[in-house]
1. Kindly provide the set of residues from the stretch B:414-460 that are in contact with a helix residue (DSSP H, G or I) (Cβ under 9 Å, 6 or more places away or on another chain), modelled with pLDDT of 80 or more and of a type in the set (S, T, N, Q), ordered by number.
2. Output yes when any residue across the stretch A:73-88 is outside any strand (DSSP E or B), under 29 Å from B:L300 (Cβ atoms) and facing another protein chain (nearest Cβ under 9 Å), and no when none is.
3. I want to confirm something. Restricting to the stretch B:255-270 and keeping residues that are surrounded by 17 or more Cβ atoms within 10 Å (Cβ to Cβ) and assigned to a loop (DSSP other than H, G, I, E, B), which single residue is farthest from the chain's Cα centre (by Cα)?
4. For the stretch B:173-195, what are the residues that are in contact with a Pro (Cβ under 8 Å, 6 or more places away or on another chain) and crowded, with 16+ Cβ neighbours inside 10 Å?
5. Assuming A:C66 fulfils every condition listed in (1) touching a His at 6+ places or on another chain (Cβ under 8 Å); (2) within 12 Å of chain B (Cβ to nearest Cβ) apart from one, which condition is it?
6. Between A:K38, A:K3, A:K10, which is surrounded by fewer than 18 Cβ atoms within 10 Å (Cβ to Cβ), out of contact with any strand residue (DSSP E or B) (no Cβ under 7 Å at 6 or more places or on another chain) and under 18 Å from B:T243 (Cα atoms)?
7. So, restricting to helices (runs of 4 or more DSSP H) that lie completely within the stretch B:12-130, which ones have at least 1 residues that are open to solvent by less than 20 Å² (accessible area, probe 1.4 Å)?
8. Scan (1) surrounded by 19 or more Cβ atoms within 10 Å (Cβ to Cβ); (2) away from chain B (no Cβ under 14 Å); (3) farther than 18 Å from A:N8 by Cα for the single condition A:S58 breaks and write down its number.
Amino acid sequence: MEKDFEVNKKGSVLTVTLGNELTAVNAPTLMEELTPYKNQGIEKVVFDATNLTHLSSSGVRIIIYCKQKLGASPEIVFVNCDKMILDVLDIVGLRPFITFEER
Amino acid sequence: MGLFSNIFLLWGFSIDAWITIATVMAVICVMLFSKVRTDAVMLIAIGVLFAVGVLDAKELCSGFSAGTVVVTGVLGVVMAGLRYTGVLQWMLKHVFGLPDRYPTALLRMMVPVSMLSAFLSNTMLTMLFGNVLKRWSRKLNIAPSKLYLPMMYAVQMGGVLTLIGTSTNIIVADFYGNATGKTMNMFSILIPGALCLLVGVLFIVAVRRWLPDRKTPEEAFETAFDYTVELRVPSDNPNICKTLGEAGLFHVKGGNLIDIHHFDHDPSVLSEDEFIMGGDRLLYTGQIDDILELKDSHNLVISDHHVRSMNEINKNYELRIAFVNFYSKLIGKTIGGSSIERDNNMVLVAVARRGKRIEAAPREVELQAGDTLLFECPRKTNTYAKHLASQLQFSDFQEVVKIGPNAIVSSLIMTAMMILTAMNVVSLLHGTVLAALAMLLFRCCTVNQAMDSVSWRSLMSLAGSIVLGTAIAKTGIAQKVALTVVDLVGTQPVLVMLGVCLAAMLITQIVENVAVTAMFAPIMYQAAMQVGYEPAPFLLALMIAANASYATPIAASPNMLVYGPGGYRFTDYMRIGIPLTIIVTVTGVAAVILAYPLVKL
């Protein structure tokens, strides 16, 4: 599958622009791209979810990875999050760990 | 005539006869290969025969107004009186004792059970005794599998001692009455039945080592590593975002984590580093108490599709063991795919099959008859509610009945009924109706208890069977089959009797004995008439043969009821059941001839 996300680092902020889905299909590739940023002083990870319509447990694993392993518990921000994605985050119990923004 | 001419004779059946034969074959096939209710099968079959004109309206209704059906239904009320005044429970408690040898235990159990079965419903007795036997086997330190089958055999053999002991006897007696205008006495079958019982009991005691020594199904939940438990991570669990290792959920006291499913069933690798998410289902195997402690220590819940938060868990639950019934709609399905948990507010904790754990997720296990299920249920769950009892048989049912003065009253009513009908002071129908009225009048049971004690399904299938029997007689099938039997075995009456009995005995191993009796009663009657003998002894022999359904778990309700609790396999029934069936049938025929010398018409 064609890479449908983008990862940019600006200072201590890592921005991940997501495509339509974050599932078992593309999550391992994203994980590979994120691993080099481990212990790089990341304080905030911003997920641009404007186009995101499908989030599976493999995608959730990425979010938890960012929170738990990327740095010293960086802030996780979701931008333009769809209601369906919010529901998934609710079920898996991640909502309290995430800041939501509309841009 | 030779064999070929007999076959040619079969082709001489009328269209109505062929339709009836096709219907009967369809009934047998549906009973064997589907889970459709017997009463429904019977009603559809007679509906078809009526619709195509084989039966007229009067014949169609004859089954429902038959004395057999009324007597069977009313006997349910009489039994309710005995049951709810505690007479049966008192007898069960005081006659078994604590014998120190296994053969003595078998005799102490089988003799009183068969005596009670002579007057009471086989199915209800099996249910009542099933619970008593479980506790008794623990006291005696004997595997329940060594007791349940003998108990079932005793119930079945005891049922043949009187006309009211089993509905098949009532069918035959009713048929005889209708065909000849004479009535059979309540104890007509006593001597042959008692001889069969004696031989049967002695045979079972003699071959007691053939009885399987099985681990009780409950042990599957008591022994380490013999079960699985599925726990769910609620969405507000504090361990979310931790790994299984960090949260202490990978290596747990008393068991192992064997699988993890996230909310969407996406593949996941079972490792210590796997992150925990809300909605995860963790499958453990090990000591049940230890694993269930994780509920409190790690804020997990028993896996259930509708539970989202710990706050929703009601603490007033208890663990109950149930077995999958033989005709349960759950067979071939998973609990997860059914609504039984949601409908009854209970949660499946673990599954075992023949005393061994099933390692897969309990709710994903495709169920088989006899599977043992461990449920977490509200304490007040009515496991005898019809919608639940038709699917699952709960083993830990305990009926608490206070024994009071009414126990004496109900015993007197029952005794009076037996004496009056035995002495032909009143007919069987009058006797049972009067006894039922007396039970209600003296408040031995409430009207609701009485109505609940009547098995309406059994009555419907009984009525349907009788109508089917009418069709077999009316269309000439019975006469032609009887002629064929006579041609095959000759006119020697004993051989004719034995031939029909063996045929009935074979079919009753796979088809419910009520249906077999209704089909074979007209055939046996016609066979007796063909050789020119008084039909009563022939029909008495049929009673014994049609009831000798010991060789398979599907042959009769009592057989099914002990299958799960005894932890049996299908072949366990055959080991003793096949020789016992043959011995009882042959003894029955011999005993009938001895007790009732055959008389030429």
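The values are calculated or read from the model by the stated rules, or taken from the named source; none is laboratory data. Only a predicted model underlies this, so the values are computations on that prediction, with no experimental measurement involved. No Cβ is skipped: glycine too gets one built from the backbone with ideal geometry, and neighbour counts run over all protein chains shown. SASA here: full protein model, heavy atoms, side chains in, ligands and nucleic acids out. Shrake-Rupley method; radii C 1.70, N 1.55, O 1.52, S 1.80 Å.
1. B:T421, B:S427, B:T432, B:T446, B:Q449
2. Among the residues of the stretch A:73-88, at least one is outside any strand (DSSP E or B), under 29 Å from B:L300 (Cβ atoms) and facing another protein chain (nearest Cβ under 9 Å), which makes the answer yes.
3. It comes out as B:S268.
4. Going residue by residue through the stretch B:173-195, those that are in contact with a Pro (Cβ under 8 Å, 6 or more places away or on another chain) are B:175-176, B:179-180.
Residues satisfying the conditions are B:F175, B:Y176, B:A179.
5. (1)
6. On the way: A:K3 fails: under 18 Å from B:T243 (Cα atoms); A:K10 fails: under 18 Å from B:T243 (Cα atoms).
On inspection, the qualifying residue turns out to be A:K38.
7. Working: elements: B:15-33, B:38-51, B:57-62, B:67-84, B:87-95, B:102-117.
Passing ranges, in order: B:15-33, B:38-51, B:67-84, B:87-95, B:102-117.
8. Answer for A:S58: the failing condition is (2).
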